[in-house]
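**Q** Please find one structure pasted underneath; my questions will follow.
The values are calculated or read from the model by the stated rules, or taken from the named source; none is laboratory data. Treat the numbers as computed from the prediction; the structure is a model and nothing was measured. A quick note on method: Cβ atoms are made from the backbone with ideal geometry, for glycine too, and the neighbour counts reach across all protein chains shown.
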There are 2 protein chains.
Amino acid sequence: MKISRSADLRLDCQHCPVRHRAICAASDDGEFERLNAIKFYKSVPAGQAVVLRGEKLDVVASIVSGVAILSKTTADGRMQITGILLPSDFIGRPGRDTCDHDISAVTDLTLCCFRRRPFEDLVERASGIRKRLLDIAFDELDAARTWMLLLGCLTAREKIVSFLMLVVRRSVLPEDADQPVRIDLPLSREATASYLGLTIETVSRQMSRLRKDGLIELETARRVIIPDTSRLEAELENAD
Amino acid sequence: MKISRSADLRLDCQHCPVRHRAICAASDDGEFERLNAIKFYKSVPAGQAVVLRGEKLDVVASIVSGVAILSKTTADGRMQITGILLPSDFIGRPGRDTCDHDISAVTDLTLCCFRRRPFEDLVERASGIRKRLLDIAFDELDAARTWMLLLGCLTAREKIVSFLMLVVRRSVLPEDADQPVRIDLPLSREATASYLGLTIETVSRQMSRLRKDGLIELETARRVIIPDTSRLEAELENAD
DNA sequence: GCGCTGCCTTGATCCATGTCAAGACGATCC
DNA sequence: GGATCGTCTTGACATGGATCAAGGCAGCGC
């Protein structure tokens, strides 16, 4: 990733939308100040790569706004999306200067970046950040393993329902979940297919079947209304 | 996991087979002494669970000898193995007292355990252990994501070849890899199937096809001879 | 309005892998 | 040796999802 500071970004930690969930969340005042001192913002336009596999990556970052994907690709071009990155999610690997993933921006992205070395030094000294980092790593690991269950064992319909419920959980407040819910899918059909280990056509067909079964309505291809989330979730009673 | 100390285990760190690869690897003398002071050994017989999903787990541990598996299961019994644990691999999650996985012993197991709280305290104070732990977590994460590519994109044959090569890499010295190699598969056909997101029958058939194609020989079902590892690996030229 | 272009949907067909079923093989016990 | 049991292999068949192919539809530039 080229480190091009975005002069037009004047975000301030006080008003940062991810202040309480990102890597900086658990830091006390002193740690926070030091993080603040070394941070800089960066924008990445939709569709552009943030890093490619094997490239040098000498920053770590939090996503402030936008959606990115982590992916791996086979030599002959088959791609698997291994994670969606939403605001507050963490990018990069302390202790290593290369990346073994492709990361790319799905929408326009704002990143809060830290040069890796100063960040590592800070992690050494700041126990709040350190704990948060370790927790983030283990949470990601749990999520990856949960996704392995999905990829290896679930049917196409269960995969789609799992994906819809994932978006609901990340974008709807728990207290609103018993009413009809409208969600915007962060991924195209193609990206969804790649995330779920399916093809575009299968994703599309299963969406149509869920619509015919009355479990969802499609306002547009990317905007979904779920009249009753518990009924949709019930489709997973054999899964999870 | 019940903490039953094994009185008959008198292993000593000096002669520990995983001394240089496990969580203790990067620790300096002082840290090492303190780890040593709180460690205790535990045996788990083959087939027995180490922890079940949701159970309390108030220790962390390194595998000293034997093979264990991490797995997740759906409500109706479909199982996905999410990782194989071999000697030097790490079990447990600092900072959390429950486990969201099943872990079970495939062979008789010897674990080097640390009660979680004292271990966490030590991690706070010992930077060598801390770095090693973070590195282990990120390595596991990379491995999990690589496996997602396998589960989502590879064919049955490619999955089997990947698995065989994985065992080769973990059990054969690099300098011996250009000669015919004999490996003992750590998993039954059933467990292999579950690891690869396949059925027993498909695993068995693909092994037979690899045999007919002259890429492997089957001394027994679990003991495989690979006359030419590079030729086997070439089967993956479209994958990875 | 019209014609692109990119994304999505739907239908027809195919095939890799799953499912069901029948042995084969090896270990263990008597 | 023979019976039994668990594990593995092989065959016949079924099917979920992939592939191939043909439009539909919304956004955008002209």
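**Q** Can you spot a residue in the range A:213-223 that is within 30 Å of residue B:136 (Cβ to Cβ) and either within 12 Å of DNA strand D (Cβ to nearest atom) or within 13 Å of chain B (Cβ to nearest Cβ) (or both)? Don't jump to the end; show me each part of the working.
**A** Step one: filter the range A:213-223 for residues within 30 Å of residue B:136 (Cβ to Cβ), giving none.
Within the range A:213-223, none of the residues are within 30 Å of residue B:136 (Cβ to Cβ) and either within 12 Å of DNA strand D (Cβ to nearest atom) or within 13 Å of chain B (Cβ to nearest Cβ) (or both).
**Q** Is the range B:193-203 home to any residue that is surrounded by fewer than 21 Cβ atoms within 10 Å (Cβ to Cβ) and under 18 Å from residue B:235 (Cα atoms)?
**A** Checked against the condition, which is being surrounded by fewer than 21 Cβ atoms within 10 Å (Cβ to Cβ) and under 18 Å from residue B:235 (Cα atoms), the range B:193-203 yields at least one hit.
**Q** Follow-up. In the set A:193, A:239, which member is closer than 24 Å to residue B:80 by Cα, at pLDDT 95 or above and either aromatic (Phe, Trp, Tyr) or within 14 Å of DNA strand D (Cβ to nearest atom) (or both)?
**A** Details: A:239 fails: at pLDDT 95 or above.
Of the residues listed, the single one that is closer than 24 Å to residue B:80 by Cα, at pLDDT 95 or above and either aromatic (Phe, Trp, Tyr) or within 14 Å of DNA strand D (Cβ to nearest atom) (or both) is A:193.
**Q** Please work out which residue is nearest to the other protein chains (Cβ to nearest Cβ), limiting yourself to the range A:73-97 and to residues that are more than 25 Å from residue A:24 (Cβ to Cβ) and within 15 Å of the chain's Cα centre (by Cα).
**A** Within the range A:73-97, the subset more than 25 Å from residue A:24 (Cβ to Cβ) is A:73-81.
Within this subset, residues satisfying the condition of being within 15 Å of the chain's Cα centre (by Cα) are A:80-81.
Working: A:80: 4, A:81: 8 Å.
Residue satisfying both the conditions and the ranking: A:80.
**Q** With the structure loaded, tell me whether residue A:145 is within 16 Å of DNA strand D (Cβ to nearest atom), among the basic types (Lys, Arg) and modelled with pLDDT of 95 or more or whether it fails that test. Reasoning before the result, please.
**A** Numbers: within 16 Å of DNA strand D (Cβ to nearest atom): no; among the basic types (Lys, Arg): yes; modelled with pLDDT of 95 or more: yes.
When the stated conditions are applied, residue A:145 does not pass them.
**Q** Turning to a different aspect of this structure: In the range A:161-220, what count of residues is obtained for those that are within 14 Å of DNA strand C (Cβ to nearest atom), among the acidic types (Asp, Glu) and part of a loop (DSSP other than H, G, I, E, B)?
**A** Of the residues in the range A:161-220, 2 are within 14 Å of DNA strand C (Cβ to nearest atom), among the acidic types (Asp, Glu) and part of a loop (DSSP other than H, G, I, E, B).
**Q** Here is a further query. Within the range A:60-72, track down each residue that is over 30 Å from residue B:158 (Cβ atoms) and within 13 Å of another protein chain (Cβ to nearest Cβ).
**A** Once the filter is applied, which keeps residues that are over 30 Å from residue B:158 (Cβ atoms) and within 13 Å of another protein chain (Cβ to nearest Cβ), the range A:60-72 yields only A:60.
**Q** Any chance you could count how many residues in the range B:112-134 are more than 15 Å from residue B:21 (Cβ to Cβ) and within 17 Å of the chain's Cα centre (by Cα)? Step through it out loud before you land on a result.
**A** Taking the range B:112-134 first, the residues more than 15 Å from residue B:21 (Cβ to Cβ) are B:113-127, B:130, B:134.
Now narrow it down to the ones that are within 17 Å of the chain's Cα centre (by Cα): B:113.
Counting residues in the range B:112-134 that are more than 15 Å from residue B:21 (Cβ to Cβ) and within 17 Å of the chain's Cα centre (by Cα) gives 1.
**Q** What strands (runs of 3 or more DSSP E), lying completely within the range A:34-112, carry at least 3 residues that are within 23 Å of residue A:143 (Cβ to Cβ)?
**A** The strands (runs of 3 or more DSSP E) meeting that bar are A:49-51, A:59-65, A:68-73, A:79-85, A:102-105.
**Q** Within the range B:149-160, which residues are within 11 Å of DNA strand C (Cβ to nearest atom) and more than 20 Å from residue B:180 (Cα to Cα)? Explain how you work it out, then say what you get.
**A** The first filter runs over the range B:149-160 and keeps only residues within 11 Å of DNA strand C (Cβ to nearest atom), leaving B:151, B:153-160.
Result: B:151, B:153, B:154, B:155, B:156, B:157, B:158, B:159.
**Q** State yes or no: is residue A:196 within 27 Å of residue B:73 (Cα to Cα) and not assigned by TED's automatic domain parsing to the domain that holds residue A:72? Before the answer, list the steps.
**A** Working: within 27 Å of residue B:73 (Cα to Cα): yes; not assigned by TED's automatic domain parsing to the domain that holds residue A:72: yes.
Against the criterion (within 27 Å of residue B:73 (Cα to Cα) and not assigned by TED's automatic domain parsing to the domain that holds residue A:72), residue A:196 qualifies.
**Q** Does the range B:134-184 hold any residues that are farther than 27 Å from residue A:196 by Cβ and within 8 Å of chain A (Cβ to nearest Cβ), and which are they?
**A** Once the filter is applied, which keeps residues that are farther than 27 Å from residue A:196 by Cβ and within 8 Å of chain A (Cβ to nearest Cβ), the range B:134-184 yields B:134, B:135.
**Q** Further, regarding this structure: Would you pick out the residues in the range A:98-131 that are buried (at least 17 other Cβ atoms within 10 Å of the Cβ), more than 18 Å from residue A:71 (Cα to Cα) and away from chain B (no Cβ under 14 Å)?
**A** A:110, A:111, A:112, A:113, A:114
**Q** Tell me the residue from A:213, A:228, A:184 that is free of Cβ contacts under 8 Å to residues at least 24 places away in the same chain, surrounded by fewer than 20 Cβ atoms within 10 Å (Cβ to Cβ) and among the charged types (D, E, K, R), please. It would help to see each step written out before you state the result.
**A** Details: A:228 fails: free of Cβ contacts under 8 Å to residues at least 24 places away in the same chain; A:184 fails: free of Cβ contacts under 8 Å to residues at least 24 places away in the same chain.
Exactly one residue qualifies, and that residue is A:213.
**Q** In the range A:221-239, which residue that is within 15 Å of residue A:179 (Cα to Cα) and in a loop (DSSP other than H, G, I, E, B) is nearest to DNA strand C (Cβ to nearest atom)? Walk me through how you get there before you give the answer.
**A** Looking only at the range A:221-239, we keep the residues that are within 15 Å of residue A:179 (Cα to Cα), and these are A:224-233.
If we keep only those that are in a loop (DSSP other than H, G, I, E, B) as well, we get A:227-228.
On the way: A:227: 17, A:228: 20 Å.
Among them, the one singled out is A:227.
Residue by residue, here is whether (1) out of contact with any strand residue (DSSP E or B) (no Cβ under 9 Å at 6 or more places or on another chain); (2) surrounded by 21 or more Cβ atoms within 10 Å (Cβ to Cβ) holds:
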{"residue": "B:14", "(1), (2)": "yes, no"}
{"residue": "B:28", "(1), (2)": "yes, no"}
{"residue": "B:66", "(1), (2)": "no, no"}
{"residue": "B:70", "(1), (2)": "no, yes"}
{"residue": "B:76", "(1), (2)": "yes, no"}
{"residue": "B:96", "(1), (2)": "yes, no"}
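**Q** If the requirement is being surrounded by fewer than 18 Cβ atoms within 10 Å (Cβ to Cβ) and either assigned by TED's automatic domain parsing to the domain that holds residue A:201 or at negative phi (or both), which of these qualifies: A:144, A:137, A:156? Talk me through it step by step, then tell me what you get.
**A** On the way: A:144 fails: surrounded by fewer than 18 Cβ atoms within 10 Å (Cβ to Cβ); A:137 fails: surrounded by fewer than 18 Cβ atoms within 10 Å (Cβ to Cβ).
It is A:156.
**Q** Right, next: Given (1) away from DNA strand D (no atom under 16 Å from the Cβ); (2) more than 30 Å from residue A:31 (Cα to Cα); (3) more than 12 Å from every other protein chain (Cβ to nearest Cβ), identify the lone condition not met by residue A:206.
**A** (1)
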